[in-house]
Amino acid sequence: MAVLCKNCAGKLIFNPASQKLECNTCGSSYRPQDVEDIYASSDTKFYDTRVYTCSHCGAEVITSDTESSTFCVYCGNPAIVFSRVSREYRPDGIIPFKITKQQAIENIRTKFLKNPIIPREIKNKLTAENLRGIYVPYWLINADFTEADWIKGKVKKGKSSETRYYSRAGEISFKNVPIDGSRILNDDTSRKLEPFYLEDSTEFDEDYLNGFYSNTTDLSYYDLRRSAADRCHSLYAEAVVKSFDWGVKDVKVVDSVYHIDIHDDPLYMMMPVWFFTFKHDGKPYTVLVNGQTGKVVGTLPWLNKRIWAVAITVFLVILAFIGFFFGGIAFGFRKHINTFYMHGIAGLLATSMLCFTTGTVGLKRIFKNLRLTQSEAIFRFVKKRQE
């Protein structure tokens, strides 16, 4: 429920810049730990929240009275309505927002808006009204992890190379591994948001939620254990690949067997994320900004005609160079072309091919980010059912 100012009874909003609760009416400010919410429950294991449900995608978010839900932070649809007051499990800790809304907007603008292929109408949508802050649930786990891997790699042998197979096995103790606590948020997206630095964490206080959305965990212990095992396997396999010396190329883990033992009680944490949600050509998009570090995740739609025009132009230039170079040789003009000129043509051709290859790889990466940015790919539209 809303926390009121002691001086004028105005609603208090948490300001990431000052790290204080501020009253827009009289200008007073308070530290969250110094403010007492008269509506807070005496049962410290739970706290009261207002739940809003999106009729389009089924997502649920919780807010305080200080933040009115005008559209869904997940899919951008305006059809979101208040559904109920709910008692939710109190997190163990929280990392408060440090990046302000204006800083998040500037970070997105810096990354994208100088790009000429971004449509103008997208640039006009980047306003404070289309940005929402939401606390995303995470679990921090400590675990003992064991894994055995079957690995292949290529080793140079004379002028060729041969494929060799290796085995690796070991165990490791992981500490404070972050696991996304919501099935709504895609794991690939949540990992791109990392890292979150625990040095800024503090004991949970619902006053930090004033002016922001939040979400609650919907993972069972089985889901958490499976996600933790997959995350630790990914970290372990990455370290195994890096352990091979420079003489072994194209190292890949072919097969793995692993086991995890989660010890202690996992910590339930809330992490800050800014959501920039909008629609373009009938499709919803969401760009995320880490509310602690300012890291931007996702990409924006581009002008397809312009990007393809550039790609086709580069391709035609490469074909022209190929035709000129080999056509000249075929028609016997080689004797009129000095060595320096031939080397120049060959270098330019090689550079063009490299640029084309690099551009192709870059486009694949952009397409992958675009799929994550579109909310159908970012979020699994599975409606949370009330117990």
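Return the residues of segment 262-285 that are farther than 30 Å from D207 by Cβ and more than 27 Å from the chain's Cα centre (by Cα); say none if nothing qualifies.
Within segment 262-285, just H263 meets the criteria.
In segment 261-296, which residue that is farther than 27 Å from Y221 by Cβ and free of Cβ contacts under 8 Å to residues at least 60 places away in the same chain is surrounded by the most Cβ atoms within 10 Å (Cβ to Cβ)?
Applying the filter and picking the extreme gives D281.
Can you spot a residue in segment 297-306 that is modelled with pLDDT of 85 or more and not small (G, A, S)?
The answer is yes; a qualifying residue exists.
Report the residue count in segment 139-186 for those that are among the acidic types (D, E) and surrounded by fewer than 16 Cβ atoms within 10 Å (Cβ to Cβ).
3
Look through N176, N215, N186 and report the one residue that is in the same structural domain as G298 (by TED's automatic domain parsing) and more than 18 Å from the chain's Cα centre (by Cα).
Among N176, N215, N186, only N176 is in the same structural domain as G298 (by TED's automatic domain parsing) and more than 18 Å from the chain's Cα centre (by Cα).
Taking the stated definitions as given, is I99 modelled with pLDDT of 85 or more and assigned by TED's automatic domain parsing to the domain that holds F204?
Taking the combined requirement at face value, the residue does not satisfy it.
So which of R191, R231, R226 ends up being surrounded by 21 or more Cβ atoms within 10 Å (Cβ to Cβ), outside any strand (DSSP E or B) and among the basic types (K, R)?
Residue meeting the stated conditions: R231.
Looking at (1) in a helix (DSSP H, G or I); (2) touching a residue at least 60 places away in the same chain (Cβ under 8 Å); (3) charged (D, E, K, R), which one does R168 not meet, given that it meets all the others?
Among (1) in a helix (DSSP H, G or I); (2) touching a residue at least 60 places away in the same chain (Cβ under 8 Å); (3) charged (D, E, K, R), the lone unmet condition for R168 is (1).
Can we say G93 is outside the structural domain of V251 (by TED's automatic domain parsing), in contact with an Asp or Glu (Cβ under 8 Å, 6 or more places away or on another chain) and either small (G, A, S) or closer than 27 Å to N210 by Cα (or both)?
yes
Looking at (1) touching a residue at least 40 places away in the same chain (Cβ under 8 Å); (2) out of contact with any His (no Cβ under 7 Å at 6 or more places or on another chain), can you tell me which one S256 breaks?
(2)
Is it fair to say S173 is among the polar types (S, T, N, Q), under 30 Å from H259 (Cβ atoms), outside any strand (DSSP E or B) and out of contact with any His (no Cβ under 7 Å at 6 or more places or on another chain)?
no
Does N210 satisfy the criteria of being closer than 28 Å to K20 by Cβ and surrounded by fewer than 17 Cβ atoms within 10 Å (Cβ to Cβ)?
no
Can you say whether G158 is out of contact with any strand residue (DSSP E or B) (no Cβ under 9 Å at 6 or more places or on another chain) and over 30 Å from F14 (Cβ atoms), as far as the supplied structure shows?
Yes; evaluated as a whole, the condition is true for this residue.
Does S69 qualify as being exposed (fewer than 14 other Cβ atoms within 10 Å of the Cβ), at pLDDT below 75, of a type in the set (G, A, S) and not assigned by TED's automatic domain parsing to the domain that holds Y268?
Criteria not met by S69.
Consider segment 29-66. How many of its residues are at pLDDT 75 or above, among the polar types (S, T, N, Q) and either buried (at least 16 other Cβ atoms within 10 Å of the Cβ) or touching a helix residue (DSSP H, G or I) at 6+ places or on another chain (Cβ under 6 Å) (or both)?
2
Within segment 1-22, track down each residue that is under 30 Å from the mean Cα position of the chain (by Cα) and in a strand (DSSP E or B).
L12, I13, F14, N15, K20, L21, E22
The values are calculated or read from the model by the stated rules, or taken from the named source; none is laboratory data. This one's a predicted model, so the numbers in the text were calculated from it and none came from an experiment. Every residue, glycine among them, receives a Cβ derived from its backbone with ideal geometry; neighbour counts consider all protein chains shown.
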